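What follows draws every value from the coordinates through simple rules; no lab data is involved. Quantities reported herein were computed from a predicted structural model and do not represent experimental measurements. No Cβ is skipped: glycine too gets one built from the backbone with ideal geometry, and neighbour counts run over all protein chains shown.
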Amino acid sequence: MSVKIERQVHASTSESTALLGNIHPILSSVYQARGIQSADELQHELKGLLPFHQLHDIEKAANLIADAIERQERILIVGDFDADGATSTALAIRALRQFGAHEACYLVPNRFEYGYGLTPEIVEVARHMQPQLLITVDNGISSIAGVKAAKEYGIKVVVTDHHLAADELPDADAIVNPNQPACQFESKAACGCAVIFYAMTAVRIELRKRNWFSNRTEPNMAQFLDLLALASVADVVPLDKNNRILVDQGLKRIRAGKSIAGIRALLKIGGKQANSLVASDLGFAIGPRLNAAGRLDDMSTGIECLLTDNDALADQYAEELNSLNEERKNIEREMQQQAMSWLQSQGKVLTELEGEANQLPWGLCIHDADWHQGVIGILASRIKDKVHRPVIAFANAELAKDVSENDARELQEIKGSARSIPGLHIRDALDLIAKRRPDILTKFGGHAMAAGLSIKLKHYEEFQLLFDQVCHELLTPEQLDQVILSDGELSAQDFNLNLAALLKYAGPWGQQFPEPIFDGCFNIINQRIVGSNHLKLNLGIIGTQQCIDAIAFNIDLDDWTDESCQQIRCAYQLDINEFRGNQSVQLLVRHIEKR
């Protein structure tokens, strides 16, 4: 895999000032490179949020939920086992209980027993909880059979989801999903938590119309913004303007000390200070710990952490989640080593050989019967980052204990988690395979960059060929080269704390609205390996006497055991290092090349 640093086209300083007003010229050009054309697009007040009535079926959903609250019916939330699902479930339960729905409860399928979504099997579990209304959060748009089963038991169903819809929609009483064909909601990038937030906002309006709050306190929906920020970042949804508002407002709430106990506890155990929090901290410090519960055990631990208002109990849940995350990291590390060893043994790893690279498949499938189902998504992401092409990691699904060895060969199902690169919409790629060979894919669903699927083990080799073929059709050779888009080169006077802080907090930065990256050449003053595989550098800014510290995480040690290299070119973020209460500028290196 080759990596190229390409500089983005930036407007001139005078053009930047004319469009975005009197802000730092470097920040102005960064914004414009990300598609910002006016100062209005940088306004993150709540009044700028898209109105809920744009969402198809939302009034119908609000009426159904308000009716159930008035009648004091049991409302059951069926969630998903990732961070978006956990925050969505917590938000729904918190809102319903504040609305007066004292019978509101939740159920999250265990991924190892029931798999994803509202399946007929999970409906069978749900019906024993005797709900009159079932609301899905962060799932349901593909649950044709599950919704049918619930309706047959006389349970009303409201689907709230954000995943892409298939050709057929479930026969729910209402479906709220910006990605269903009839929906005119402008933000197709909303996460599941944002969808249920909008739905609960509509419920509050409906209850207000019914004078429901004449003798009870009407909840302020802004209290849920911390959950929305966490969900949007952890689910890696594109940060369009609507999502930037949600994330920015949620971060401000957390920094002001107004977040829920669970988020405070997870920040504390992640070593992050609430008052200096940035969006990436939610993704790296909280998201993995919350996800670990759904990957290895039961997401109920994560949901309870987000539901409790007791600080001591929140700390206890956070400790459990942290332990699960450490276990997850150990499992992932072993799986990744196995995957890379397998690639090398097959002669398919990308290595430079006489100026040419041995070619991997364009669409790469990897499978091991002993891999952990809950960790294959992270494994696919890690391998995708290393080889820069779409990757699907598969693990064996559970088989019934009484299945014979002969039947197992016929019945064994494997579950896959897919991660893609820019240029290939992974859910559309799977849909294309399903249309060509409807007998192979048992089920699938997802987004542009991530998806889940199930196939029979006996079809694995054929699926490998089909996936690679589709990737060849949908990608170009140039798209298999990783491109780092740079915002240009900084001058010596730009390496200062004021600019570093301005850029750090100017976002919120995230998916499709990336943190500023710059590039340049530097002299190496000294270097050393820290930790297991991190490179600590002291760099000289060429043409000056000025030096600056830099760190590159997770580098290939073989490339840096020889210290003869005197100069590098790197792509980096301008970062702030804090040590013993002192702050200094450092470069957070994203890519490094010897000169």
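Listing for the model above:
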| item | result |
| --- | --- |
| Which listed pairs, of 272/443; 47/435; 156/209; 47/384; 4/443; 151/252, have C-alpha distances above 32 Å, in listed order | 272/443; 47/435; 47/384; 4/443; 151/252 |
| For the stretch 265-273, 3J(HN,Hα) per residue [Karplus equation, 6.51 cos²θ - 1.76 cosθ + 1.60, θ = phi - 60°, Hz, x = Gly/Pro] | 5, 5, 5, 4, 6, x, x, 10, 8 |
| Inter-centroid distance (Cα atoms) of the stretch 174-247 relative to the stretch 264-296, Å | 22 Å |
| Between helix 287-296 and the chain: long-axis angle, C-alpha atoms, 0 to 90°, nearest 10 | 60 degrees |
| Fewest-first ranking of 399, 364, using other Cβ atoms within 10 Å as the exposure measure | 399, 364 |
| Folded to 0 to 90 degrees: helix 58-70 orientation relative to the chain principal axis, Cα | 50 degrees |
| Among (1) 0.97; (2) 1.04; (3) 1.16, the entry that matches Rg/Rh (Cα atoms, Kirkwood Rh) as calculated here | (1) |
| Within the chain, percent of DSSP bridges classed antiparallel, to nearest 5 | 65 percent |
| Given charges at beta-carbon only (K, R positive; D, E negative), |dipole| of the chain in Debye | 1360 debye |
| Exposure proxy order (Cβ contacts within 10 Å, fewest to most) of 478, 327 | 478, 327 |
| Candidate aspartates and glutamates for bridging to residue 241, where Cα separation is under 16 Å - those fewer than 8 sequence places away on the same chain excluded | 40, 41, 45, 186, 515 |
| Eligible lysines near residue 536 by straight Cα distance, threshold 17 Å, same-chain separation 8 or greater | 594 |
| Relative contact order, percent, the chain [alpha-carbon distance under 8 Å, six or more residues apart] | 12 percent |
| Ranking of 560, 509 by count of other Cβ atoms within 10 Å, fewest first | 560, 509 |
| Charge dipole (debye, nearest 20) of the stretch 52-323; +1 at Cβ of Lys and Arg, -1 at Cβ of Asp and Glu | 960 debye |
| Whole-Hz couplings from phi, Karplus 6.51/-1.76/1.60, listed for the stretch 165-181; x for Gly and Pro | 7, 8, 5, 10, 9, x, 8, 7, 5, 7, 10, 10, 7, x, 9, 8, x |
